[in-house]
Amino acid sequence: MSRPVACLRHAARLLLGEYGLWHIRAKDLAGYPPPRPGAFRLGRITSDAELAGAFSPDLWHYSVERTPGRLAFGAWVDDDLASLAFFMTNEGFKDEGPIWAMRDDEAEIAQLATRPEYRGRGIAPALLDYGCHEMSRRGFSRLIAKIWIGNRASMRAFDKAGWAYVAFMVVLHPFQSKRPLRIVRKRR
């Protein structure tokens, strides 16, 4: 990278701060059917011990034991945790606030991850389907997902699972402010 480009990026980071470029997807849960059986076991993750060592350490901070308003579901192939999904309610966002304004009967899927050796088998869409059913059973009417602009694998999983595209959002923290500036372009 040339020196002028590096200087420009550094200046932009100073002015705009941390940023996010997100596709916002939504799934209405009214009358959501139970998931179809598959070649893997789907269920709720209830302890942090189930997460330890299964995925990269950057996912370990998603504690299911210490955070109210956080629900985790997993897909197991034999005894291996192949994929996991974390859902957050408004209660789970007390410290940081959700990136998208949510009603009390809405929740956000905060993380969806599939181990590389299990990708391409339809596990993530099946886990999303299972999570939708379970969240519907718990009284939620709609789920929201934010997907990083370059994450094509997640976009495919949400497409396969029938999630609607609702908006594109840019999140900036100008001049290192703690309160983000959100620019939203809703789909018409």
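Out of all the residues in region 113-120, is one or more at negative phi, among the basic types (Lys, Arg) and touching an Asp or Glu at 6+ places or on another chain (Cβ under 7 Å)?
First pass over region 113-120, keeping only residues at negative phi: 113-119.
Within this subset, residues satisfying the condition of being among the basic types (Lys, Arg) are 115, 119.
Remaining after also requiring touching an Asp or Glu at 6+ places or on another chain (Cβ under 7 Å): none.
So far as region 113-120 goes, no, none of its residues is at negative phi, among the basic types (Lys, Arg) and touching an Asp or Glu at 6+ places or on another chain (Cβ under 7 Å).
Starting from region 37-60, keep only residues that are among the aromatic types (Phe, Trp, Tyr), then list their pairs with residues that are at pLDDT 80 or above whose Cβ atoms are within a distance under 7 Å, requiring at least 6 positions of separation or different chains.
PHE40/ALA75; PHE40/TRP76; PHE40/VAL77; PHE40/ALA82; PHE40/ILE123; PHE55/LEU84; PHE55/ALA113; PHE55/ARG115
Count, please, the residues in region 23-52 that happen to be assigned to a strand (DSSP E or B) and among the small types (Gly, Ala, Ser).
Step one: list which residues in region 23-52 are assigned to a strand (DSSP E or B), which gives 23-28, 41-45.
With among the small types (Gly, Ala, Ser) added as a condition, the list becomes 26, 43.
Residues flagged as assigned to a strand (DSSP E or B) and among the small types (Gly, Ala, Ser) within region 23-52 amount to 2.
Among the residues of region 51-63, is there at least one that is under 30 Å from SER177 (Cα atoms) and at pLDDT 90 or above? Let's see the steps before the verdict.
Taking region 51-63 and keeping what is under 30 Å from SER177 (Cα atoms), we get 56-63.
The next check asks that each one be at pLDDT 90 or above; those that pass are none.
There is no residue in region 51-63 that is under 30 Å from SER177 (Cα atoms) and at pLDDT 90 or above.
Looking at region 17-37, which of its residues are farther than 28 Å from LEU172 by Cα, surrounded by fewer than 19 Cβ atoms within 10 Å (Cβ to Cβ) and touching a Phe, Trp or Tyr at 6+ places or on another chain (Cβ under 9 Å)?
PRO34, PRO35
If you scan region 160-186, which residues turn out to be modelled with pLDDT under 85, surrounded by fewer than 16 Cβ atoms within 10 Å (Cβ to Cβ) and within 26 Å of LEU127 (Cα to Cα)?
Once the filter is applied, which keeps residues that are modelled with pLDDT under 85, surrounded by fewer than 16 Cβ atoms within 10 Å (Cβ to Cβ) and within 26 Å of LEU127 (Cα to Cα), region 160-186 yields only LYS160.
The values are calculated or read from the model by the stated rules, or taken from the named source; none is laboratory data. Predicted model only: the values in this text are computed from it and were never measured. Reconstructed Cβ throughout: ideal geometry from the backbone, glycine too, with neighbour counts over all protein chains shown.
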